[in-house]
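Nothing in this text is a laboratory measurement; each read-out follows from the coordinates by a stated rule. The structure presented is a predicted model; accordingly, all values stated were derived computationally and were not measured. Here Cβ is always computed from backbone atoms with ideal geometry, including for glycine, and neighbour counts include all displayed protein chains.
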Amino acid sequence: MPWTRRHLLTLEELTLDEIDQIHTTAAAFKRTLKRSVKKVPALRGKTIVNLFLEPSTRTRMAFDMAAKRLSADVISLDGNSSSTTKGETLRDTAENIQALQADMIVIRHAAAGSPLYLSNILNIPVINAGDGAHEHPTQGLLDTFTMREHLGSLKGRRVVILGDILFSRVARSNIHALTKFGADVTVVGPSTLVPEWFAALGVKVSHDLRSALADAEVVMLLRIQHERQSRGMFPSLGEYTSMFGLNKTRASWLNPKAIIMHPGPINRGVEIDSDLADGERSVILEQVTNGIAVRMAVLYLCSGGQPEYVHATE
Ligand code: CP
């Protein structure tokens, strides 16, 4: 199947075949990253603008790195140094970026739906790097890519997402991808952060950590997203940790071969103990590294590239 999408806005709208195509392309790019010369000429002559109007370490640097490995020119703009601080609208900022001849825009924004909005007014591809609590599609793609590297097929695999599900775009994107792969997904945490209506997305909802973690093959921790919460969703961070933080005892309830994941940034000692975050079951830094290859695949395919070319350059 040829790749036909120009934008990457959500994982909800992608088919399983499309996710698989991104993963296959990412795997080929990952092999090129192991060579002494890591660059491929796939996007030579193209200019990619990373417009990050919300803070980011991993996503922004991985998109920068991915574009450079594809030989594109990259310009990064953040909220503090852009004219949005002077009252310019998102629409005007984006139209100016297009007028400056950018070939693609990668956007992170606090408002859900802003990438979709830009895709409707611009003529260049728009890539969602996280929009409010809505979606973070490249995170969901790199997380499922990492799971497939460790587990092979995800069909029937027991995956637990633990923490602040309600305000998490990472949880939503992973749920959309994992359910397409046929994984057995449970979301768990306090009832204020894990409402029952998540079951409508095809996952199990639990507030009982012990039964949720029992024999799970993957546990993905999520940070408490204070920046999106307008009121306290639990009495204190200490109470959250005592009830739902992952520690050595609770990790012993997992399947012995289980992997521990976290999209970052980590709040050590809150949702996860340091010895687990740095332990041998943790794949947290692998996730970060895989973010480069997965974003290379997304930038390349949405620029009009086809997977055959990548295999030919290997
Ligand atoms: N996982 C993630 O989105 O991290 P950053 O906010 O640092 O980009």
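Order these peptides, 85-95, 66-76, by their mean beta-carbon neighbour count within 10 angstrom, highest first.
66-76, 85-95
Relative contact order for region 137-287: what percent, with Cα pairs under 8 Å and sequence separation of 6 or more?
So the answer I get is 23 percent.
Could you list His207, His7 so that the one with the fewest beta carbons within 10 Å of its beta carbon is first and the one with the most is last?
The fewest-first ordering by Cβ neighbours comes to His207, His7.
Mind sorting Asp103, Asp208, Asp164 by how few other Cβ atoms lie within 10 Å of their own Cβ, fewest first?
So the residues, fewest neighbours to most, are Asp208, Asp103, Asp164.
How do Thr25, Thr57 rank when sorted from fewest to most other Cβ atoms within 10 Å of their own Cβ?
Thr57, Thr25
Would you mind getting me the FRET efficiency between Lys155 and Met61? Use the beta-carbon distance for r and R0 = 30 Å, nearest 0.05.
Here the calculated transfer efficiency is 0.35.
Name the residue farthest towards the positive end of the dipole of region 137-287 from the options Leu254, Leu276, Ile165, assuming +1 on Cβ of Lys and Arg, -1 on Cβ of Asp and Glu, about the Cα centre.
Of the listed residues, the answer is Ile165.
Shape call for region 137-287 from the C-alpha gyration tensor, a ≥ b ≥ c root eigenvalues: rounded (a/c under 1.5), prolate (a/b greater than b/c) or oblate?
Since a/c stays below 1.5, the shape of region 137-287 is classed as rounded.
Assign unit charges at the C-beta atoms only (+1 for Lys and Arg, -1 for Asp and Glu), then state the dipole size of the chain relative to its Cα centre in Debye, rounded to the nearest 20.
Using only the charged Cβ atoms, the result is roughly 640 debye.
So which GluC sites (Glu not before Pro) in region 254-297 are both in a DSSP loop and have at most 15 other Cβ atoms within 10 Å of their Cβ?
Hits after loop and neighbour filter: Glu280.
Quote the relative contact order of the chain in percent (integer), defining contacts as alpha-carbon pairs under 8 Å separated by 6+ residues.
Over the chain, the number comes to 22 percent.
Would you mind working out the magnitude of the charge dipole of region 69-182 relative to its Cα centre, with +1 at each Lys and Arg C-beta and -1 at each Asp and Glu C-beta, to the nearest 20 Debye?
640
Any of Lys155/Lys248; Lys204/Lys248; Lys38/Lys204; Lys39/Lys257; Lys38/Lys248; Lys30/Lys155 with alpha carbons more than 32 Å apart? Name them for me.
As for pairs spanning more than 32 Å Cα to Cα, those are Lys38/Lys204; Lys39/Lys257; Lys38/Lys248.
Mind checking the full-extension length gain between Thr15 and Gln306? Use 0.36 nm per residue of separation minus the Cα-Cα distance, one decimal, nm.
Gain on extension, Thr15 to Gln306, equals 103.1 nm.
So what is the 222 nm mean residue ellipticity for the chain from helices alone, if each DSSP H run of at least 4 adds -39500 (n - 2.57) and you divide by all residues, rounding to the nearest 500 deg cm²/dmol?
About -11500 deg cm²/dmol.
Mind checking the dipole of region 137-287: about its Cα centre, +1 per Lys or Arg Cβ, -1 per Asp or Glu Cβ, Debye to the nearest 20?
340
Give the lysines reachable from Lys46 as a straight Cα distance under 17 Å; neighbours fewer than 8 places away on the same chain don't count.
Reachable lysines: Lys68.
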